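Input: a single structure, listed below in structure tokens.
The values are calculated or read from the model by the stated rules, or taken from the named source; none is laboratory data. The structure displayed is predicted, hence computed values, not measured ones. Cβ placement follows ideal geometry from the backbone for every residue including glycine, while neighbour counts extend to all protein chains displayed.
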Amino acid sequence: MKLSPKIASIGSECVACGCCMAVCPRDAVHVASGIIAHVDVEKCVGCGKCAKTCPAAVITIVERGAAG
């Protein structure tokens, strides 16, 4: 499957609330060790649902090569 040109990028200010996990249609976001959410780059299609729901506004949608 071809990867989307866009991907979610989660900032270090993430509080691991899980809101992004709840809305991701591809199950591409997971909270690691209860500390910060991480994006599965193979599953993320950059739809932006996680960014829209993030109460801390620390998720952005970027070009796939720019995600870090």
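On inspection, A57 does not qualify as free of Cβ contacts under 8 Å to residues at least 60 places away in the same chain, aliphatic (A, V, I, L, M) and on the phi < 0 side of the Ramachandran plot. Quick one: is V62 among the hydrophobic types (A, V, I, L, M, F, W, C), modelled with pLDDT of 95 or more and within 18 Å of L3 (Cβ to Cβ)? Answer is yes for this residue.
Here's the yes/no breakdown for (1) surrounded by 11 or more Cβ atoms within 10 Å (Cβ to Cβ); (2) over 11 Å from the mean Cα position of the chain (by Cα); (3) among the small types (G, A, S):
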site: K2; (1), (2), (3): no, yes, no
site: A8; (1), (2), (3): yes, no, yes
site: C19; (1), (2), (3): yes, no, no
site: V23; (1), (2), (3): yes, no, no
site: D27; (1), (2), (3): no, no, no
site: V41; (1), (2), (3): yes, no, no
site: V58; (1), (2), (3): yes, no, no
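Total residues in the stretch 18-36 satisfying the condition of being closer than 17 Å to T60 by Cβ and modelled with pLDDT under 95: the figure is 1.
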